[in-house]
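Please read the structure below before turning to the comments.
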Amino acid sequence: LHHTHSEDHKMRPLFLVLLLSFLQLLRCHGADLPGHMQPLGSHRPPESVPRLTHVPSAEEFHENWEKAGQPVVLEGLLKGTEVLRNWQQDDYLRAQFGEDKLHVEQGKKENSSGAVYFISMAEFLDRYLKEDIYMVSDMPEAMRKEWPLPKFLLCGGYTQHLMFVYLWFSSGGTRSILHSDSYENLHCLVSGRKEFLLIEPKYTETIGPELQEFGFYPIDVDSVNMTARPGLAEVPWHKATVNEGDCLYLPYEWLHQVRSHNRNFGVNVWWIPFDFNAEECSPPHDIPDFAPIGDFKVLPEMQIKSVLKELASDDGTIRVQDFLRRINENAYIAGVTLRNVREV
């Protein structure tokens, strides 16, 4: 026994040397990978996202962008609108919506463990410039009466398939995780600037879906470990810069990660994919440039169907614990409960 113990003791330094050599090899290998331990997207230059300087018709938007599954920035879509002028002013928001309760997250770098709570708009305005907080909230009814839905979403069936209308409000510096959504998205910016990193859905397998849950990827977007995700080095990405007054159309299932700058107030409208009805858009001169989104219903059954679709297994079953965990983790679907699932 003494002899065996002595041999083990002699082997320990050799084992440590081998272990340290192996770790050094990993570090060197990682250092050779473009983008290793750097922000997401550092592995290669981005490709551009098309930009439109005119307002498309519903038919043009559907055929050229939605049907094609192609992101596009609509430059200055909200320029000159009353909502852009008013919502850039904290005093206006306080006076008009100060008592509305809104969903706020603790921490401007998105994660699943941060505190989540409801506070009034007035309290948020008192705190957001001084604290590490981020409003991610369903838009209150009073605000929906002012938010303009553009003309290319006012016919063809879009207003019958609206699912969410959300606010994204901070002092800037927010970083989302890499994720995808199962619905179409128009994200408009009231103030500030946002940088969207976009990846086509076909690269999901390359990145590694085995580490994906509910469309979210557990990647540190500020320091990507490329040795853990070697396939990511081969994935092309697109960059979309959205300035105040601009809107980005983001097709469903495109992966995206978002960074914000300055006082940053965005609104996004999500809708369920559907069969476009061109007959609803004739004659085109009868369609206004904008209409308040409050004039239309945002259907809870659309939200519920989206959640159930994400959670369903191959045989169509859904575990209750998965459903409840999904609700607790995601502010977008905070209004969905077991009760209104049964009602639908």
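Per-residue SASA remark: THR204, around 30 Å² accessible (1.4 Å probe; ligands, DNA and RNA not included).
Taken one residue at a time, the phi angles of segment 199-205 give Karplus couplings (6.51, -1.76, 1.60, θ = phi - 60°) of 10, 4, x, 5, 9, 4, 5 Hz. Gly and Pro are set to x.
Take the Cα atoms of segment 125-219, build their convex hull, and give its volume per residue in Å³.
In segment 125-219, the Cα convex hull volume per residue is 151 Å³.
A cut-off of 5 Å between modelled amide H atoms, ignoring neighbours fewer than 5 places along the same chain, links VAL72 with TYR249. Normalised by 2.2 N^0.38 Å, where N is the number of residues, the C-alpha radius of gyration of segment 212-272 stands at 1.36. With 26 Å as the limit, the listed pairs LYS109/LYS297; LYS101/LYS145; LYS79/LYS130; LYS109/LYS194; LYS108/LYS151; LYS67/LYS239 have LYS109/LYS297; LYS79/LYS130; LYS108/LYS151 beyond it between alpha carbons.
The values are calculated or read from the model by the stated rules, or taken from the named source; none is laboratory data. In this text the structure is predicted, and so the values were computed from the model without any measurement. For the accessible areas, the whole protein counts, side chains as well, though only heavy atoms, and no ligand, DNA or RNA atoms are used. Shrake-Rupley method; radii C 1.70, N 1.55, O 1.52, S 1.80 Å.
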